[in-house]
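Shown next, in structure tokens, is the structure this report addresses.
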Amino acid sequence: MNRLARFSAVLLGVLVAAVVLVPALAATDPLAIGDVLATRLVPPASSDALGRFHLLGTDRFGRDLFVRMMLAGRISLAVGVAGSVLAGAVGTVVGASAAWRGGVVDRLAMGVSDALLSIPRLILLLLCAALWQPGAATVLVVLGATGWMGVARLVRGEVLGVRAQPYVSAAEALGARSSRVLWRHVVPNALGPAIVATTLGVGNAILLESGLSFLGLGIQPPAPSWGNMIAGGRDLIVTAPWVAIAPGVALIVTVLACTLLGDSLRDRLAGERPRDLAERV
Amino acid sequence: MRRLAAAFVLLWLVVTLTFVLVRLAPGDAAALLVPPTATPEDAARLRAELALDAPIAVQYAKWMGGLLRGDLGESFTQRRPVTRVLREALPVSLGLGVSSLVLTFVVGVAIGTLQATRRGTVVDPALTFATTAIYAAPSYWLALSLIAVFTYGATVWGLPPALRLPAFGIRDPAGVETGWSALVDVVRHAVLPVTVLAAVGAAGIARYARSTVADLAGAEWVRTARAKGLPSRAVYGRHVLANALPPLVVLLALSLPGVVAGSVFVESVFAWPGMGRAMVTAISARDYPVVMGATVLYAALVILANLAADLVLPLIDPRRDA
């Protein structure tokens with residue numbers, strides 16, 4: 001692992017610890033709205049009229065931005081990681097089944113995957129997110145539903161390669177059931193690229209969640225997410241720029257760390273290959 | 001010919017999937033469209049009027065039939081043909097997409113080449129870090145930051161008028177409609193949105209260009225070119241970039257739909273009346289025909305770009321004969 005990747009790993013570790021600990025230990029409730037007039041829009045590193053210190057200042061309702069950002073980080077990180085893993089899992093199942101069964105199953109799965117890949121992921125995401133009730137669960141499902149196609153193609157290719165290996169024939173000759181051969185012998189050996197793609201997908205998933213939340217189609221206030229916090233600071237960008245800037249910086253640092261880590265993982269597992277050009281939010 | 005047929009099959013699949021997705025969704029469009037004082041009978045009448053009460057197979061047949069005739073139905077909320085809504089919005093998004101793609105390409109290739117030629121110096125990792133950071137930034141956040149600096153900051157700090165850029169809309173509502181000054185006005189309105197899209201895009205292209213150029217710089221014919229004493233400029237211009245550009249051009253064609261889709265956020269922040277804003281507005285109003293029409297149009301762009309890339313690549317890169 002190179003130095004940048006190691007630094008990213010440490011940074012993500014600290015971030016995870018912070019998002020777990022800070023809201024739990026904080027003296028202020030990041031959701032409660034108290035004396036708004038005395039506490040609203042306090043600049044970073046200063047105290048409000050009640051004498052409470054705010055590291056990153058407060059928002060328009062007097063809520064501490066640092067604690068809110070850490071609480072938002074819980075949601076953003078959890079949704080990003082879970083969304084990417086869900087997409088990876090769905091992709092693995094679809095890709096492996098398609099390659100193993102072949103025939104109509106294969107053609108149908110690849111047809112649906114091609115069709116979904118023809119709609120820009122962001123548009124597909126908007127379409128799905130808007131049709132169902134917005135919220136963390138919807139975002140999660142939608143990230144899974146719109147992100148599996150790339151992994152499915154990777155796994156399908158790998159499974160087709162692995163099934164020609166002698167140990168697969170050996171397992172079949174020993175009389176193992178077809179499904180057991182697939183899941184015990186073939187899939188574990190075809191997972192490498194899928195793991196890389198899933199890791200690289202985390203940063204993108206976090207960005208997509210934030211984008212949906214920014215548009216009001218993702219995590220709903222008062223629950224904080226980095227995206228809806230930036231949306232909340234949108235009209236304050238002149239009078240109180242810190243409200244929108246702080247969550248944006250958190251987002252950039254997190255996604256940057258995920259990308260650098262994923263890049264290094266790919267270089268190790270797959271050798272240096274041309275970088276993908278995913279859609280950006 | 002086979003590719004064209006495959007493209008049409010794909011488009012049909014997209015159209016069908018979109019229809020299924022939209023009709024699977026819970027929630028009743030008619031209930032959202034009627035005013036809160038309306039009676040259930042009013043809602044039922046509207047449902048009948050919009051043909052939302054017909055069996056799903058009938059609705060599908062109507063939608064496919066209309067599509068074949070180039071008719072995407074009528075917008076629920078605007079009460080005018082979806083094709084007209086999209087025809088007004090598409091040029092805005094395409095203009096935004098194409099101009100930022102051109103900028104993306106020039107800046108991205110320049111940065112990537114610079115990095116590849118400076119491997120082993122501090123320039124390369126510094127630029128990698130910078131491009132990855134910009135690539136990690138959400139475009140709507142970059143847009144807000146630029147507005148803070150160039151719209152409000154420029155006024156407060158007294159920057160020259162050329163740097164005071166408008167942040168909202170596509171033209172000055174008080175300005176003239178035609179002629180030079182109108183064009184200048186539109187260009188000034190376009191500076192910030194195009195910059196945001198191009199910055200994110202260039203960061204991505206630079207990441208790609210760097211590895212492509214670096215790979216090619218290690219090729220044998222490049223070593224030969226160096227060995228025969230060609231100056232570095234000629235080696236890179238004639239031997240490295242000439243080979244690196246075809247895949248990058250194709251990549252660019254392939255990323256056009258992505259950029260058009262990515263402009264959803266930029267259009268939303270800068271209030272540009274493009275496809276993205278039409279889509280977001282239609283989604284919150286449950287204006288199904290516009291949502292479906294826009295989705296199909298986006299997909300058609302992707303399929304078209306893929307087809308074009310397939311056809312163009314053998315022309316600009318003779319090694320890839322189809």
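The values are calculated or read from the model by the stated rules, or taken from the named source; none is laboratory data. Fair warning: this is a prediction, and the values are worked out from it, not measured in the lab. Cβ atoms come from the backbone with ideal geometry, glycine included; neighbour counts cover every protein chain shown. Calculation scope for accessible area: heavy atoms of the full protein, side chains included, ligands and nucleic acids excluded. Shrake-Rupley method; radii C 1.70, N 1.55, O 1.52, S 1.80 Å.
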*asked:* For a quick check of understanding: with a 1.4 angstrom probe and all protein chains in place, what accessible area in square angstrom does residue A:76 have, to the nearest ten?
replied: 0 Å²
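Over chain A, what is the relative contact order in whole percent, taking alpha-carbon pairs under 8 Å and six or more residues apart?
Here the relative contact order equals 23 percent.
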*Where the centroid of each part is defined by its Cα atoms, how far is region B:177-199 from region B:51-93 in Å?*
31 Å
_List of region A:116-148 residues, accessible area with partners at least 30 Å² below that of the chain alone (1.4 Å probe)_ = A:118, A:119, A:120, A:122, A:123, A:126, A:127, A:130, A:131, A:132
_Mean separation of Cα contacts under 8 Å, 6 or more apart, over the residue count of region A:18-101: relative contact order %_ = 27 percent
*When you count, for each residue, the other Cβ atoms within 10 Å and take the mean per peptide, how do A:229-237, B:5-13 rank with the highest first?*
A:229-237, B:5-13
*For the protein assembly as shown: accessible area per residue (Å², 1.4 Å)*: 46 Å²
*Compute, for residue B:195, the solvent-accessible surface of its heavy atoms (probe 1.4 Å) with the complete set of protein chains present, and express it in square angstrom to the nearest 10.*
60 Å²
*asked:* Classify chain B from the C-alpha gyration tensor, please: rounded if a/c falls under 1.5, else prolate or oblate depending on whether a/b exceeds b/c.
replied: oblate
*Over region B:90-263, with every protein chain in place, what whole percent of the accessible area is carbon and sulfur at 1.4 Å, could you tell me?*
71 percent
*Looking at the square roots a ≥ b ≥ c of the eigenvalues of the Cα gyration tensor of the protein assembly as shown, which shape do they give, rounded for a/c under 1.5, prolate if a/b is larger than b/c, or oblate?*
rounded
_Area of residue A:156 that stays accessible when all protein chains are in place (1.4 Å probe, Å², to 10)_ = 60 Å²
*At 222 nm, what helix-only mean residue ellipticity would chain A give, in deg cm²/dmol to the nearest 500, using -39500 (n - 2.57) for each DSSP H run of four or more?*
-22500 deg cm²/dmol
*Which whole-Hz couplings ³J(HN,Hα) result when phi for each residue of region A:59-69 is put into the Karplus expression 6.51 cos²θ - 1.76 cosθ + 1.60, θ = phi - 60°, listed in order with x for Gly and Pro?*
8, 5, 9, x, 8, 5, 5, 5, 5, 4, 5
*Between chains B and A, what is the buried accessible area in Å², counting both sides, with a 1.4 Å probe and ligands, DNA and RNA left out, to the nearest 100?*
4500 Å²
*Treating only the Cβ atoms of Lys and Arg (+1) and Asp and Glu (-1) as charged, compute the dipole magnitude of region B:90-263 about its Cα centre; round to the nearest 20 debye.*
680 debye
*For region B:231-292 and region B:116-155, what is the separation of their Cα centres, given in Å?*
18 Å
_Can you give me the C-alpha center-to-center distance between region A:148-203 and region A:48-96, rounded to a whole angstrom?_
34 Å
*Theoretical gain in end-to-end length, residue A:46 to residue A:16 [0.36 nm per residue, Cα-Cα removed]*: 8.2 nm
_Shape of chain A, Cα gyration tensor, a/c cut at 1.5_ = prolate
*Can you list the residues of region B:109-153 that have at least 40 square angstrom less accessible area with all protein chains present than in their chain by itself, probe 1.4 Å?*
B:129, B:132, B:135, B:136, B:138, B:140, B:141, B:144, B:152
_Whole-number percent relative contact order across chain B, with pairs defined as alpha carbons under 8 Å at least 6 apart_ = 28 percent
*Rank B:273, B:262, B:237 by how far each Cα sits towards the positive end of the charge dipole of region B:176-322 (+1 on Lys, Arg Cβ; -1 on Asp, Glu Cβ) and give me just the farthest.*
B:237
